[in-house]
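**Student:** Dumping the structure here so I can ask a few things about it.
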Amino acid sequence: MNAPGLATRPPAARTLTRAISLTLAGQGGMLLCSTVSSLLVARLLGPSGKGVLSTAIIVGGLVGLLIEPGLRAGVIRTIAAGRAGWREGLATMALVYGVLCILVLPLLAVLLWNAHGRWFHDIPYAVLLLALAGVPVGLFEGSLTALLIGQQRMPEVSGIWALERAGALAGLLLLVWLSRWGVLGGMLAQLGGTVLGIGLLWHLLARMPAATWRVRHDLLPALLRFGVLWYARNLATSLNYRLDALIVFILIGPYEAGLYAVAVSLAELLQQLPSSIDAVLFPRVSRGDMPDAARSTARLSRCTVLVTVLGGVALALLARPLLLLFGAQFTQGYWALVLLLPGMVVLGQSKVICSDMLGRGEGRYPALASWSALLGTIALDCILIPRWGIAGAAFASTIAYSMGAFVALRGYRAMTGVGVVALYGIRPAEIALGAQRLGGLLLRARGRAVH
């Protein structure tokens with residue numbers, strides 16, 4: 001017998017669940033390739049090499065983040081609502097990004113040169129320059145991704161991301177393992193994977209109906225108005241994800257940064273489901289085809305909490321043998337990994353409700369939540385990292401994520417009236433249905449193995 005209120009879901013809910021499931025499958029492939037790549041880098045370069053490569057990638061990512069003014073989010077909403085074609089969206093983004101790259105990248109290259117000897121002397125300057133060169137490439141990839149997400153093609157996009165990670169893994173095998181190019185080879189492999197992803201995204205996009213190429217100047221005011229709030233939120237969120245690793249590198253060195261990078265990558269396994277929900281939910285709410293969005297979001301929030309809690313318990317139990325796969329030295333990151341897990345649970349739930357709010361055009365509460373978490377991270381990192389090392393960084397992140405989640409919950413309740421119990425209160429019927437579906441999956445897998 002089916003669980004009440006779940007088996008009779010309307011077609012829109014079933015379609016949403018199917019899109020999330022397909023997206024999650026692609027994310028699983030991406031996760032597998034990323035994990036193998038991380039393991040390979042750790043084995044070949046050791047903790048210090050892993051720390052140097054991870055920090056260089058973070059620097060490039062933060063530069064791209066500073067240049068991206070939230071335009072992609074506005075384009076996703078515009079495409080989802082049918083107010084522009086993909087060629088118009090791409091031409092408009094290319095104009096803005098081109099101007100920003102010309103104005104900002106040379107200045108940032110000079111700043112990095114001045115900061116190199118002071119903060120990043122362990123990173124070859126050629127590697128930092130390669131990270132900067134990857135910024136416009138990453139912006140172009142993000143533009144193509146935004147156009148496809150706006151057209152509800154997130155499952156295909158996640159599959160392409162998996163292939164992109166597979167390409168980066170092949171590059172690592174060639175350039176780091178066989179050719180022994182070290183950190184430089186690792187950066188080239190990352191860039192090569194991104195170029196492969198661009199080719200696949202373009203192939204998918206080119207098969208879709210499109211209007212003529214033109215820059216939509218009339219869309220820019222609305223795009224940038226929404227983009228400002230998105231940018232404020234995305235800047236703080238991304239800094240909050242990566243700033244702690246950068247502070248670890250600066251304060252206590254590349255070796256500890258490598259240990260922390262592996263601990264973070266394992267803890268972020270719990271973000272696969274929330275990220276898939278976020279990517280699918282935002283454009284659907286933006287399009288306005290979810291009349292009961294708050295109810296769907298509450299159900300997805302409870303599912304996220306259940307899955308991430310169970311996943312967190314499993315990770316805590318398996319943490320030592322998993323870290324040992326990367327090398328015996330990486331088991332020193334055990335407590336950092338364990339302390340990060342509660343933060344991953346609240347962060348995942350916060351992603352779900354923030355994607356709903358952003359889809360409704362409300363960016364204030366998500367931005368406030370992200371900035372609250374960021375300020376908490378900076379303050380706590382400066383206090384705890386010098387005393388407790390990477391365990392202090394992990395504990396600071398968990399506290400900061402909890403602060404941000406609290407602000408997001410308050411905002412979502414003010415907007416929709418949906419409270420903590422509806423978002424976190426996992427129902428017995430949902431647990432029973434989840435167990436039933438898991439049992440069905442295991443039986444089918446066993447049947448395939450027998451045959």
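The values are calculated or read from the model by the stated rules, or taken from the named source; none is laboratory data. Quick caveat, the model's predicted, so the values are computed rather than measured. Cβ: placed from backbone, ideal geometry, glycine included. Neighbour counts: every protein chain shown. To get the accessible areas, we keep the full protein, side chains included, count just its heavy atoms, and leave off ligands, DNA and RNA. Shrake-Rupley method; radii C 1.70, N 1.55, O 1.52, S 1.80 Å.
**Student:** Hey, among 91, 56, which residue is open to solvent by less than 50 Å² (accessible area, probe 1.4 Å), touching a residue at least 60 places away in the same chain (Cβ under 8 Å), of a type outside the set (Val, Ile, Thr) and touching a helix residue (DSSP H, G or I) at 6+ places or on another chain (Cβ under 6 Å)?
**Tutor:** Going through 91, 56 in turn, just one is open to solvent by less than 50 Å² (accessible area, probe 1.4 Å), touching a residue at least 60 places away in the same chain (Cβ under 8 Å), of a type outside the set (Val, Ile, Thr) and touching a helix residue (DSSP H, G or I) at 6+ places or on another chain (Cβ under 6 Å): 56.
**Student:** Please go through region 284-314 and pick out each residue that is within 21 Å of the chain's Cα centre (by Cα) and either modelled with pLDDT under 85 or open to solvent by 40 Å² or more (accessible area, probe 1.4 Å) (or both).
**Tutor:** Those that are within 21 Å of the chain's Cα centre (by Cα) and either modelled with pLDDT under 85 or open to solvent by 40 Å² or more (accessible area, probe 1.4 Å) (or both): 284, 285, 286, 303, 306, 307, 309, 310.
**Student:** Go through region 114-133 and count every residue that is in a helix (DSSP H, G or I) and either open to solvent by 40 Å² or more (accessible area, probe 1.4 Å) or touching a residue at least 60 places away in the same chain (Cβ under 8 Å) (or both).
**Tutor:** Going through region 114-133 one residue at a time, the tally reaches 13.
**Student:** Any chance region 145-154 includes a residue that's assigned to a helix (DSSP H, G or I), surrounded by fewer than 17 Cβ atoms within 10 Å (Cβ to Cβ) and modelled with pLDDT under 90?
**Tutor:** Checked against the condition, which is being assigned to a helix (DSSP H, G or I), surrounded by fewer than 17 Cβ atoms within 10 Å (Cβ to Cβ) and modelled with pLDDT under 90, region 145-154 yields no hits at all.
**Student:** Against the definition (in a helix (DSSP H, G or I), of a type in the set (Val, Ile, Thr), under 22 Å from the mean Cα position of the chain (by Cα) and closer than 20 Å to residue 239 by Cα), how does residue 157 come out, yes or no?
**Tutor:** No; evaluated as a whole, the condition is false for this residue.
**Student:** Kindly provide the set of residues from region 200-223 that are assigned to a helix (DSSP H, G or I) and either over 18 Å from residue 142 (Cβ atoms) or open to solvent by less than 40 Å² (accessible area, probe 1.4 Å) (or both), ordered by number.
**Tutor:** Once the filter is applied, which keeps residues that are assigned to a helix (DSSP H, G or I) and either over 18 Å from residue 142 (Cβ atoms) or open to solvent by less than 40 Å² (accessible area, probe 1.4 Å) (or both), region 200-223 yields 201, 204, 205, 217, 218, 219, 220, 221, 222, 223.
**Student:** From 394, 449, which residue is modelled with pLDDT under 75 and over 21 Å from residue 299 (Cβ atoms)?
**Tutor:** Of 394, 449, the one residue that is modelled with pLDDT under 75 and over 21 Å from residue 299 (Cβ atoms) is 449.
**Student:** Is at least one residue of region 242-256 at pLDDT below 85, assigned to a helix (DSSP H, G or I) and surrounded by fewer than 24 Cβ atoms within 10 Å (Cβ to Cβ)?
**Tutor:** yes
**Student:** Moving to a separate point now. Return a yes/no flag: does region 401-409 have any residue that is surrounded by fewer than 24 Cβ atoms within 10 Å (Cβ to Cβ), modelled with pLDDT of 90 or more, more than 19 Å from the chain's Cα centre (by Cα) and not in a helix (DSSP H, G or I).
**Tutor:** No, because not a single residue in region 401-409 is surrounded by fewer than 24 Cβ atoms within 10 Å (Cβ to Cβ), modelled with pLDDT of 90 or more, more than 19 Å from the chain's Cα centre (by Cα) and not in a helix (DSSP H, G or I).
**Student:** Just to be sure, is residue 259 at pLDDT 90 or above, part of a helix (DSSP H, G or I) and not aromatic (Phe, Trp, Tyr)?
**Tutor:** When the stated conditions are applied, residue 259 passes them.
**Student:** Among 34, 48, 21, which is the only one that is polar (S, T, N, Q), more than 24 Å from residue 163 (Cα to Cα) and either in contact with an Asp or Glu (Cβ under 8 Å, 6 or more places away or on another chain) or open to solvent by 30 Å² or more (accessible area, probe 1.4 Å) (or both)?
**Tutor:** 48
**Student:** Among the candidates 104, 110, single out the residue that is open to solvent by 20 Å² or more (accessible area, probe 1.4 Å), free of Cβ contacts under 8 Å to residues at least 12 places away in the same chain and β-branched (Val, Ile, Thr).
**Tutor:** On inspection, the qualifying residue turns out to be 110.
**Student:** Taking residue 340, is it crowded, with 24+ Cβ neighbours inside 10 Å and in contact (Cβ under 8 Å) with a residue 40 or more places away in the chain?
**Tutor:** yes
**Student:** Give the residues of region 351-366 that are part of a helix (DSSP H, G or I) and either open to solvent by less than 10 Å² (accessible area, probe 1.4 Å) or on the phi > 0 side of the Ramachandran plot (or both), sorted by residue number.
**Tutor:** 352, 353, 354, 355, 356, 357, 358, 359, 366
**Student:** Return only the number of the condition from (1) assigned to a helix (DSSP H, G or I); (2) open to solvent by 20 Å² or more (accessible area, probe 1.4 Å) that residue 180 does not satisfy.
**Tutor:** So the condition that residue 180 fails would be (1).
**Student:** To continue, here is another question. From 281, 317, which residue is part of a helix (DSSP H, G or I) and either open to solvent by less than 10 Å² (accessible area, probe 1.4 Å) or at pLDDT below 85 (or both)?
**Tutor:** 281 is the lone residue from the list that is part of a helix (DSSP H, G or I) and either open to solvent by less than 10 Å² (accessible area, probe 1.4 Å) or at pLDDT below 85 (or both).
**Student:** Within region 320-335, can you find the residues that are open to solvent by less than 20 Å² (accessible area, probe 1.4 Å) and in a helix (DSSP H, G or I)?
**Tutor:** 323, 326, 330, 333
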